[in-house]
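Read through the structure below, which is laid out as C-alpha cells, and then see the notes.
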Amino acid sequence: MTRITILPHEEICPSGAVIEAAPGTTICDALLDQDIDIDHACGQVCACTTCHVVVKEGFDSLNDTTEDEDDMLDRAWGLTAQSRLSCQAKIGDTPIVIEIPKYSLNHAKEGH
Ligand code: FES
C-alpha cells in the first residue's frame with residue numbers, strides 16, 4: 001500500500017488526512033474510498049477539471065499524463081507544474097503528498 005498525505009482543505013478535508021491505497025489506484029478513487037469527497041463532476045472521465053490536485057511530493061512516481069489530461073488541465077483553476085487530474089493520476093510505490101486547490105472551476109463559476 002502507498003501512503004497519500006492530504007493537506008488540509010477548508011471544506012473537503014479540514015484537518016488533512018493520511019490514507020493508504022494500492023498502487024495503480026487513481027488518487028480520486030483513493031480519496032473517495034476514504035470519504036474525502038473531492039469533486040469529480042464528469043464522473044472521472046477526464047472531461048472536467050474539478051478533480052484537480054497539486055502533487056507536492058512524489059509527482060514523478062505517478063503515471064504520465066495523456067494529451068487529453070494536459071488539455072483539460074490547462075483550464076484548471078490554480079494550475080501549477082505539479083498539477084494533475086486526480087481521476088487520471090495513478091499512484092505508484094512512492095508515498096505522495098497532495099493539496100486540493102481551494103477552488104475548483106465549479107466554485108469559480110459560482111463566484112465564491
Ligand atoms: S473527474 Fe472530471 S476530469 Fe477527473
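What the table shows:
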| read-out | value |
| --- | --- |
| Length-normalised contact order for the chain - Cα pairs under 8 Å, 6+ apart - percent | 35 percent |
| Over the chain: helical MRE at 222 nm, DSSP H runs n ≥ 4 each giving -39500 (n - 2.57), nearest 500 | -4500 deg cm²/dmol |
| Label-point separation, Leu7 to Ala47 (7 Å along Cα→Cβ), nm | 3.2 nm |
| Extension gain, Asn63 back to Ala81 (0.36 nm per residue minus Cα-Cα distance, nm) | 5.0 nm |
| Mean accessible surface per residue for segment 1-51, computed with a 1.4 Å probe while every protein chain stays in place, in Å² | 50 Å² |
| Distribution of pairwise C-alpha distances over the chain, 5 Å bins, in % | 2, 13, 26, 28, 20, 9, 2, 0 |
| Percent accessible area from carbon and sulfur atoms, the chain, protein chains only, probe 1.4 Å | 44 percent |
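The values are calculated or read from the model by the stated rules, or taken from the named source; none is laboratory data. These numbers were taken from a predicted model, which means no experiment stands behind them. Note: ideal-geometry Cβ built from the backbone for every residue, glycine included; neighbour counts use all protein chains shown. The area values use the complete protein model at the heavy-atom level, side chains included, leaving out ligands, DNA and RNA. Shrake-Rupley method; radii C 1.70, N 1.55, O 1.52, S 1.80 Å.
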